[in-house]
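FYI, it's all coordinate maths here, none of it is from the lab. Keep in mind that what you see is a predicted model, and the values were worked out from it rather than measured. Reconstructed Cβ throughout: ideal geometry from the backbone, glycine too, with neighbour counts over all protein chains shown.
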Number of protein chains: 2
Amino acid sequence: MLKLYGYWRSSAAYRVRIALNLKGLDADLLSVHLVKDGGEQHKADYAKLNPQELVPTLVDIDDSGNELVLSQSMAILEYLEDSYPQSALLPTDAKSKALVRALALSIACEIHPLNNLKVLQYLTGEIGIADEAKSAWYHHWIHEGFGALEQQLEQHAGRFCFGDSVTLVDLCLIPQVYNAHRFKVDLTRYANILRVSENCNQLDAFIQAMPENQFDAV
Amino acid sequence: MLKLYGYWRSSAAYRVRIALNLKGLDADLLSVHLVKDGGEQHKADYAKLNPQELVPTLVDIDDSGNELVLSQSMAILEYLEDSYPQSALLPTDAKSKALVRALALSIACEIHPLNNLKVLQYLTGEIGIADEAKSAWYHHWIHEGFGALEQQLEQHAGRFCFGDSVTLVDLCLIPQVYNAHRFKVDLTRYANILRVSENCNQLDAFIQAMPENQFDAV
């Protein structure tokens, strides 16, 4: 039995929702409101489950009742891939697998961590920057990351980011593109990124994982 | 044949150096000076190799002369693990493997990206914060990340971060602790982190990977 603690607008949770849908896995979805009352992720019960006080958290309970509690979306995706191999998200040969991981991590380690809620809160709170500077910060890391990724997709993309099958890269890209639109980043210069996004967003697994299609969407 | 483009002070390159040493792999080490002349990582030749303009980059050339060019240290570590399985850095069972990845990524995705050279440069440059605020930023993300990790190590650590064998978590932790010391972060409250660090730093593979022991150390 799978339980996923997430939030409709969390792009890290969005990645995992896509994977669950692609693999046809049923999971109980539990909402952790990241903003209300200073953020439910900081409440004692949740912090005990996930000391990083972030979403998502996946709980996998086996037939004997043993619980695996897992944080970090990229670790969750690798776990789902290892344990539920249907609809593979990674190529089988070592070199292609490594390239897919590198592209996915270029989003997960270089863009997303900088544009996270907690970081934007620190910038406007402790550092005290204005909305305009916050927006410039957000746009800067998207352009830096997408600029490099666009060049790499030129070499690797087919219908999706890496050839013609959906991989971990697409699961990271689509939530990041969704967020870029939300923050009004002009993406017209990224032809490959836009084309792949359109292709992904025609698939049911991606559509059902969209923030606005979640039960806790506001 | 392996080539590693890195820099003595890069903690992402430091992770890969430890892995190469543990696995007994010889690699040509090439230095990319991250500061001189605005940063050699931005020069055309290197940017062609790694469009993200970051270190490390691993190049693996097989017997037929085919080159794999790989960015992102966590993808490089997984590739080395897949292709050179000696001295395993991941447990074999899916649940332990997932927990190790989650702990490693809690450093690689939550601490390191925020305290990276390019981020500190943006904060002092474009945003214009003073040295004191930069230092507070750095300390904040170390304490937030290490606070959570310390709790998780309480449950998982033995001689090393995950039981009594070196894993990916240790390869991420040691460079981060090294940097924390460099930025004068008081780590006394993190007993498990300090104990594991001491144990790691007694091993040749870790000693030989230290920044000050690199040929390009200043």
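Of the peptides B:69-75, B:38-44, the order by per-residue mean of other Cβ atoms within 10 Å, starting with the highest, comes out as B:69-75, B:38-44. Among A:193-201, A:98-106, the peptide with the highest mean count of other Cβ atoms within 10 Å heads the list, and the full ranking is A:98-106, A:193-201. If R0 equals 22 Å, the separation of the Cβ atoms of A:ALA136 and A:VAL218 corresponds to a calculated FRET efficiency of about 0.25. Since only B:PRO175, A:TYR122, A:CYS172 are under comparison, the one whose Cα sits farthest along the positive direction of the charge dipole of the protein assembly as shown, derived from C-beta charges on Lys, Arg, Asp and Glu, is A:TYR122.
Each label was represented as a point 7 Å from its Cα along the Cα-to-Cβ direction; for A:ASN201 and A:HIS42 these points are 3.3 nm apart. Taking 23 Å as the straight-line reach from the Cα of B:LYS23, the lysines in range (excluding those fewer than 8 positions away in the same chain) are A:LYS95, A:LYS97, B:LYS3, B:LYS97. Counting every C-alpha pair in the stretch A:1-157, the share spaced more than 28 angstrom apart comes to 30%. For the rotational copy relationship between A and B, the axis lies nearest to a chain A beta carbon, identified with its distance in whole angstrom as A:PRO113, 2.
Please enumerate, by chain and number, the aspartates and glutamates with C-alpha under 20 Å from the C-alpha of B:LYS184, excluding those fewer than 8 residues away in the same chain. Partners found: B:GLU110, B:ASP131, B:GLU132, B:GLU144, B:GLU150, B:GLU198, B:GLU212.
Between the alpha-carbon centres of the stretch A:65-121 and the stretch B:35-99 there is a gap of 16 Å. Look at the stretch A:134-142: the mean tally of other chain Cβ atoms within 10 Å of its residues' Cβ atoms is 2. Suppose R0 equals 30 Å. What FRET efficiency, 1/(1 + (r/R0)^6) with r the Cβ-Cβ distance, do B:ALA191 and B:HIS33 give to the nearest 0.05? So, using R0 = 30 Å, E works out to roughly 0.25. Note on B:90-102: average number of Cβ atoms from other chains within 10 Å of each residue's Cβ is 5.
Take each residue in B:68-79, count the other chain C-beta atoms within 10 Å of its C-beta, and the mean is 6.
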